[in-house]
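The values are calculated or read from the model by the stated rules, or taken from the named source; none is laboratory data. Here the structure is a predicted model, which means the values were calculated and not measured. Every residue, glycine as well, gets a Cβ built from its backbone with ideal geometry; the counts of neighbours run over all protein chains shown.
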Amino acid sequence: MEYRTLGNTDVKVSALCLGSMTFGEQNSQSDAFDQLDFATSNGINFIDTAEMYPVPPSVATQGDTEVILGNWLEKRKKRDDLVLATKIAGPAEWLNYIREGSRHTEHHISQAIDDSLKRLKTDYIDLFQLHWPDRNTNYFGQLGYEHDTNEQSTDIEETLRALDKSIRSGKIRHIGLSNETPWGVMSFLQAAQQYGLPRIVSIQNPYNLLNRTYEVGLAEISIREKVGLLSYSPLAFGVLSGKYLSDEKPKDARLTLFERFTRYTSLQAEEATRSYVNLAKKYQVSPAQMALAYVTQREFVTSNIIGATTLNQLKENLGSSDLVLSAELLREIESIHSINSNPCP
């Protein structure tokens, strides 16, 4: 397993990160323990979660993923060997059961951190992330920004000062963003420099063969500012494995169970996926491993967040760390991308 530096810190994280959003919904605590044991025994030292998880979010299960992780940490006694990341939710009408509407103010940040620490059964969080912006902007696949002059938002300086307070108290060590835009990232960096406040060290956004929009405005920022990408959905909800092609509905698969997940199910997505799957077969590699290896090997990526609902899936995903894509294969990936670019932004 390769280890990479997290932003401008001295923290080393594995190039593959274990995502946990299925723990407590599609995966039981026993399943989660098996995945965590296997991942950490194979070199993963980076685990990502969120106060909102599991997904799909609901009032009945909110926080259960962190509870499961906390139970595992307590039992395995490996806390200091791991880099643990979690997130505070942003404002959303469909999530008003979290503190009657989560905001990135000092009150909400302080409460979110304390609640996460309690569920995770730990004294500190290595990386605390803002799950999505506390302002009107584009995220979760939204395109066509429309400015709202009457929007309610939390000032970035206020948010950074609240995070700084938690860093000084020892509750969190580093901070990151998620589902952010170029303007948002640069604004956080500028405010940190201007006011002497903590600097963000990472951005967690979607990035995969069906959605490479990160390259347009954020990849350059990641490299020049040392704020690397923690890529999520590298398999596009499992679509890039090819298992959903030809209207297949595998038993207990995410898109079979939850019809709400439509981001990667358009006709254009199916066409592009079929091309990538056929390309993987041509080179005699696993479509899933090819898709994952492509993401992991990008210069602006710090860590690639993999998730699985079965141990066999996790084993295959972990195997992608040993796959090096040839220059010829990469050229053919670019050829497909040029024909069918970003079908699922």
Do we have any residue at all in segment 123-130 that's part of a loop (DSSP other than H, G, I, E, B), at pLDDT 95 or above and under 21 Å from the mean Cα position of the chain (by Cα)?
yes
Residue in segment 320-329 that is over 17 Å from the mean Cα position of the chain (by Cα), farther than 19 Å from Asn42 by Cβ and of a type outside the set (A, V, I, L, M) present
yes
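For every residue, the table says whether it meets (1) at pLDDT below 95; (2) within 30 Å of Thr122 (Cβ to Cβ); (3) not hydrophobic (A, V, I, L, M, F, W, C).
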site	(1), (2), (3)
Thr154	no, yes, yes
Ile172	no, yes, no
Tyr207	no, yes, yes
Ile221	no, no, no
Starting from segment 315-343, take each residue that is free of Cβ contacts under 8 Å to residues at least 12 places away in the same chain and within 23 Å of Ala15 (Cβ to Cβ) and list its partners that are surrounded by 13 or more Cβ atoms within 10 Å (Cβ to Cβ) and hydrophobic (A, V, I, L, M, F, W, C), counting only C-beta distances under 9 angstrom and pairs at least six apart or across chains.
Asp322/Ala293
Determine which member of the set Leu84, Leu18, Leu36 is more than 30 Å from Glu225 (Cβ to Cβ) and at pLDDT 95 or above.
Leu36
Can you pull out the residues in segment 259-268 that are touching a Cys at 6+ places or on another chain (Cβ under 7 Å) and either among the polar types (S, T, N, Q) or at pLDDT 95 or above (or both)?
Ser266
Kindly check whether there is at least one residue in segment 35-49 that is in contact with a helix residue (DSSP H, G or I) (Cβ under 8 Å, 6 or more places away or on another chain), within 23 Å of Ile167 (Cβ to Cβ) and either among the polar types (S, T, N, Q) or touching a residue at least 40 places away in the same chain (Cβ under 8 Å) (or both).
yes
When Ser246 is evaluated against the numbered criteria (1) in a loop (DSSP other than H, G, I, E, B); (2) of a type outside the set (A, V, I, L, M, F, W, C); (3) surrounded by fewer than 21 Cβ atoms within 10 Å (Cβ to Cβ); (4) modelled with pLDDT under 95, which criterion, by number, is the only one it fails?
(1)
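Condition check ((1) hydrophobic (A, V, I, L, M, F, W, C); (2) surrounded by fewer than 21 Cβ atoms within 10 Å (Cβ to Cβ); (3) out of contact with any Cys (no Cβ under 9 Å at 6 or more places or on another chain); (4) not in a helix (DSSP H, G or I)) across all residues:
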| position | (1), (2), (3), (4) |
| --- | --- |
| Leu279 | yes, yes, yes, no |
| Leu292 | yes, no, yes, no |
| Gly319 | no, yes, yes, no |
| Glu328 | no, yes, yes, no |
| Glu332 | no, yes, yes, no |
| His337 | no, yes, yes, no |
Of the criteria (1) closer than 26 Å to Thr273 by Cα; (2) over 18 Å from the mean Cα position of the chain (by Cα), which one Asn211 fails:
(2)
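If you go through segment 171-188 one residue at a time, do you hit one that is of a type in the set (Val, Ile, Thr), closer than 28 Å to Trp94 by Cβ, part of a loop (DSSP other than H, G, I, E, B) and in contact (Cβ under 8 Å) with a residue 60 or more places away in the chain?
Within segment 171-188, none of the residues are of a type in the set (Val, Ile, Thr), closer than 28 Å to Trp94 by Cβ, part of a loop (DSSP other than H, G, I, E, B) and in contact (Cβ under 8 Å) with a residue 60 or more places away in the chain.
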Wholly within segment 1-75, which strands (runs of 3 or more DSSP E) include no fewer than the required count, namely at least 3 residues that are crowded, with 18+ Cβ neighbours inside 10 Å and not hydroxyl-bearing (Ser, Thr, Tyr)?
16-19, 46-48
Among Glu93, Glu158, which is surrounded by fewer than 22 Cβ atoms within 10 Å (Cβ to Cβ) and farther than 25 Å from Pro206 by Cα?
Glu158
